[in-house]
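Notes follow once the structure below has been shown.
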Amino acid sequence: MSEAVWKTKNHPRTWRILGGLLLWLVLHFGLTPAAPGDANAPLSDRRVRYQIEAILDTENKEIRGRERLVWRNPASHAVPDLQFHLYLNAFRDERSSFRRGSDGGQLRGDRMDAQFPGAIDLLSMRLSDGTDLLPAGEFIHPDDDNAEDRTVWRVVLPQPVPPNGTIALDIEFLAKLPRVFARTGYYGDFFMVAQWFPKLGVYEPVGMRRRTTAGWNCHQFHATTEFYADFGEYDVTLDVPGHFKVGATGVERERQTLPNGRTRYRFTQADVHDFAWTCSPYFLVTEERFEAAGLPPVKLILLLQPEHADQRERHLRAARIALEAYGRSIGPYPYETLTIVDPAYAADGAGGMEYPTLITVGTRRQSPDDELLGPEVVLIHEFGHQYWYGMVASNEFEEAWLDEGINSYCEANLMADHYPNSSAQWLRLGGRPVFRLPVRAPDWSFQRAQLFVLGARAVTTHPILTPAWQFSDPSLYAFNAYARPALTLKMLEGYVGPETMQRILKTYFERWRFKHPTSDDFFDVASEVAGEDLSWFFDQYFRGTKLLDYAVTSLDTRQVTITRQGEAVMPHSIELRFADGSVRRETWDGQADRYPITTDRDLVAVVLDPDDTLRLDMNPANNSRTRLSSAQANASLLARALLVMQWLLHGAVSLL
């Protein structure tokens, strides 16, 4: 060993100093320094620690909570204030920005019941020395001019938090849950408790997420925004009626039966940026250990409604597929547990949502011959969020596509790889099957259907890189956060190749997990891995609003003309089919307005993009032309019409 190491190991005073430093770290950050290679070593910077004790009042649908919050200032300068999310105030009254931006309270097909609102009140907030901070606080509205919105609360501190220093707060709050709406609330004895505690925003120093000036990032809660928070540690104790079954973010550490007939649960989880939980007396609880060679084991916890008992294996199989597929292609799932929650009947607003180590699914009682794969596609989609929302943790307020779009792309590919694409849905009369709809299992057709339905405005109204609350219509937000970026990434896959695209995603994840990346970080990784500057692609399809549309505008015996009818450019293949049965392909950079091709053999047909890589082409119907007989041409048109009908039916059935 080196001389310096030897002196340290053999100097008692040095050991006393190091021991004191370790104790200080534990007391101030709640961290236990880990040895090199320790499996418990922090995965994130753990800027914040929440220690929460909560009591659920099932009669009044309220949660009384006490919160010990310790925050570390990541900046090299003092921070004079703190900003908090108070998400439940979005449901307090019709004056919130959420309610105003959702036609009075509509989200994903659900309407909020105004008779059962939600809210969160700060009862007390004190520093460790007892200083009361409530009088110095105020509601702010950084995104709009709505002075009535109460979803962001700011307090100026008596003394700024010094550079790299910490502050500890003791908070008491009362959370009133709404009847299930927008991912949270209750219905009967089912409780889905999310966005439920005072949650600190993210202070971003210069350089973080490419910021040029430091400041808080703490947006209001809008109907089209989700979440962004610091990584940290959660230690949460929940007091619920004794006959309720509980699921939560993290690992259950303790369970204590109380003299009053209630039960106290304690859950802990580090390296996450949120905490959610659920409870109900009716859950059917199934636990299973996921194991696969080369991947860490995971405890699967399925909380199923009794009427869905026959779907237990469908959920567990989908979870196993997702854990292994992501684990091998993107990176191992690093947490000990994955909890899957099946919301109660009439609590659909809680379904299909992601939280760290906990996802909610959405299912209905379905007949044995149903192959639409609703439970599977929801579970696989929500599990994917453990990566792009959970571990990568981009800012969903400002760049929703980095989570939803990448996740939708991965979901569609995974579904196509692991589940059959077969006709799926029966129309029934009196419970008896009458006609089988030509609807394929969920794959890329659903995203294409949305583009078809919304038309050109889906692309020309806003670029993908638009902050979520600035979209002029919820349907445009949904398309530009989910389907459009997924289709765009699929188009990039067609250009760089599937193997390169997989390496882009894997590299991006490995480099940026637990670090809050931006779109530019993804773009840089893509260009690096692809080995070429792809800014021409990202400028057009993420920053721009130009339409992509190529067409075969003429076809003669020896000549064909291709026309670029949109402003966007994309290289692609052209397939020429000849009367002698031969086929020839050539590539075109797509730059010119017109592209004539002359041949020395008789042409029968021409097909643009025969491999279907131009996923954003506004009119696929003009991508081919034929000199076949009238009957053959009619058959071709009928096939296209059926494909369009399939897209529309799939979209309609998915909403049933």
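Taking K and R as +1 and D and E as -1, what net charge do the other residues with C-beta under 12 Å from the C-beta of THR263 add up to?
Details: positive: LYS245, ARG255, ARG262, ARG264, ARG266; negative: ASP239, GLU252, GLU254.
Result for the neighbourhood of THR263: +2.
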- So, for the Cα atoms of the range 282-391, Rg and Dmax in Å stand at 13.3, 41
- Note on the structure: At the level of C-alpha centres, the distance separating the range 460-508 and the range 380-407, in angstrom, is 12
- Please report ARG577, ARG627, ARG111 as a ranked list, fewest other C-beta atoms within 10 angstrom at the top and most at the bottom. ARG111, ARG627, ARG577
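Please report, to one decimal in angstroms, the Kirkwood hydrodynamic radius of the range 41-191 built from all distinct Cα-Cα pairs. It would help to have the intermediate numbers written out before the result.
On the way: mean 1/r = 0.0585 Å⁻¹.
About 17.1 Å for the range 41-191.
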- Query: How many angstrom separate the Cα center of the range 522-575 from the Cα center of the range 48-93?
  - Reply: 47
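Within 10 Å of each candidate Cβ there may be at most 16 other Cβ atoms; applying that plus a DSSP loop requirement, which GluC sites (Glu not before Pro) in the range 493-539 survive? It would help to have the intermediate numbers written out before the result.
Details: sites: GLU493, GLU499, GLU510, GLU528, GLU532; in loops: GLU532.
For GluC sites (Glu not before Pro) across the range 493-539 that sit outside H, G, I, E and B with at most 16 neighbouring Cβ atoms in 10 Å, the list reads GLU532.
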- Task: Would you please name the trypsin sites (Lys or Arg not before Pro) within the range 195-266 that are DSSP coil residues with at most 15 other C-beta atoms within 10 Å of their C-beta?
- Result: ARG211
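Return the subset of LYS199/LYS299; LYS199/LYS515; LYS61/LYS515; LYS176/LYS299; LYS245/LYS490 for which the Cα-Cα distance in this structure is over 30 Å, preserving the input order.
Working: LYS199/LYS299 28 Å; LYS199/LYS515 19 Å; LYS61/LYS515 36 Å; LYS176/LYS299 32 Å; LYS245/LYS490 41 Å.
Over 30 Å apart, Cα to Cα: LYS61/LYS515; LYS176/LYS299; LYS245/LYS490.
All of the numbers you see were taken from the coordinates with simple rules; none came from a lab. Not measured: the values here are computed from a predicted model. Note that we place each Cβ from the backbone using ideal geometry, even for glycine, and neighbour counts take in every protein chain shown.
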